[in-house]
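Asker: Got a structure here, written out as structure tokens. Questions coming.
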Amino acid sequence: MQFHNFELEQFQSDFERTVEYNLADSSVQCVNVRDLLPADEIEPLLDMRLFYPEVNGTALLRERIAALYPQANSRNVLVTVGAAQANSLVCNTLLEPGDEVIVISPGYRQVWGMARNLGCRVKELHLLPQDGWKLDLEKLTSLAGPGTNMIAVVNPNNPTGTVLSREEMQHVVRICDATGAWLHADEVYCGTEMDGEETPSFWTLYDKVVCTNSLSKAYGLAGLRIGWIIASAEMIEAFWRRHEYAVIAASGPSMKLAEIALQSDRRRVLLDRQKQLSFAGHKMLADWIHDQHGLFSVHPAAATSIAFVQYHFDMPSIELANEIRRRASVLVAPGALLGSEHHLRMAVGYPGEKIQSALARISKVVSELEVRVD
């Protein structure tokens, strides 16, 4: 059976522990357990019995997740091992060999790769930097047809940080409805919006929608490996059966910490912290780009703690990323591994000293390479 490696994750796995500055990640600076737990909640956690937890997620955690979605209840929720497992369950449940799948590029190429590994026909809708990475709905309409089984979107987008308007979301739903396609909405960056208005979910907009999310990006809790699927109760049962084959259940201590994180007041603190770090990091990056004499540019992100930086000289992005890694001990993600050459994905949701030091090293590498603006 032909298997395509998840090249972006392989690149990060190979090198993220070997550098001084890792900007290839896609999360904000993560919190530690001490910051998350108030003193009066430490003892109950220490007394927690490490037996098998509820396989589909603890009742309280599913209730708190459901409360984030209109008209949802705990039967619409399956807790997974991160959004990675959630997305994998969606693909392995809804797709069969020969199915047609439409994905958005540039993008996080998990669904792109899994669909190809399942023997599906994958079509890409390419976003363009000169259009501000805006979704071309006419092109999406032309790509979709009676043979389309699933349309997958990431909203807000990884790596561009763009956010679909409500009108664009409705248009995507109409395209899915016209073709009978499933809509898979990866919403892990909801809550990272710079303007403070949280992006609405695709949930309730369409009867064949499946939404995935996690605590990794907006909350800075990537190490908990807690994600979830929101879907009809019938589909949750189908995903649950496959979940039992894959992992049995998510970690019990992780789910307990997730319950705490999703308390209303704690959730707001985590989201506000992420926004402050991301806003400051994007500002530092913009100032740095301004001083780079036209070598780099970026379309300002409306959301996320990452930036998709375009460079204006002739060098493959994997080669450039490796030069930066070897010469400066800074890891950035090559755009080619996200579906768009001549770009680098950089995480900016870190303390200012880290961002400034890493960017200064990148400047030095580019100077040493003696590149010229195209």
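Bear in mind these aren't lab numbers, they're just calculated from the coordinates by the rules spelled out. Every value quoted in this text rests on a predicted model; they were computed, and no experiment measured them. Cβ atoms come from the backbone with ideal geometry, glycine included; neighbour counts cover every protein chain shown.
Asker: Nearest 5 is fine: what % of DSSP beta bridges in the range 51-263 come out antiparallel, could you say?
Answerer: On the way: 9 of 27 bridges.
Percentage antiparallel, nearest 5: 35.
Asker: Same structure, new question: What lysines could a cross-link reach from Lys364, if we take a straight Cα to Cα line under 24 Å and drop same-chain neighbours fewer than 8 places away?
Answerer: By straight Cα distance, Lys364 reaches Lys283, Lys354.
Asker: Okay, moving on. With labels modelled as points extended 7 Å from the Cα through the Cβ direction, what inter-label distance (nm, one decimal) is found for Glu244 paired with Asp14?
Answerer: Result: 4.0 nm between the two label points.
Asker: Do you know the Lys pair count in the range 51-263 for C-alpha distances under 20 Å, with sequence separation 8 or more or different chains?
Answerer: Values: Lys123/Lys134; Lys123/Lys139; Lys123/Lys208; Lys217/Lys256.
Counting lysine pairs in the range 51-263 gives 4.
Asker: Sort Met48, Met284, Met114 so the one with the fewest other Cβ atoms within 10 Å of its own Cβ comes first.
Answerer: Met48, Met284, Met114
Asker: Restricting to DSSP H runs of at least four residues, report the calculated mean residue ellipticity at 222 nm for the chain, -39500 (n - 2.57) per run over all residues, nearest 500 deg cm²/dmol.
Answerer: -12000 deg cm²/dmol
Asker: Gaussian network model of the chain, Cα springs within a sub-10 Å range: biggest mean-square fluctuation belongs to which of Met150, Met315, Met235?
Answerer: Greatest mean-square fluctuation among the candidates belongs to Met315.
Asker: Over the chain, what is the relative contact order in whole percent, taking alpha-carbon pairs under 8 Å and six or more residues apart?
Answerer: 24 percent
Asker: For the chain, what proportion of DSSP beta bridges, expressed in % and rounded to the nearest 5, is antiparallel?
Answerer: About 50 percent, rounded to the nearest 5.
Asker: Another one. Can you pull the one-decimal nm distance between simple spin-label points at Asp287 and Asp177, each 7 Å off the Cα toward Cβ?
Answerer: Between Asp287 and Asp177, the simple spin-label model gives 4.8 nm.
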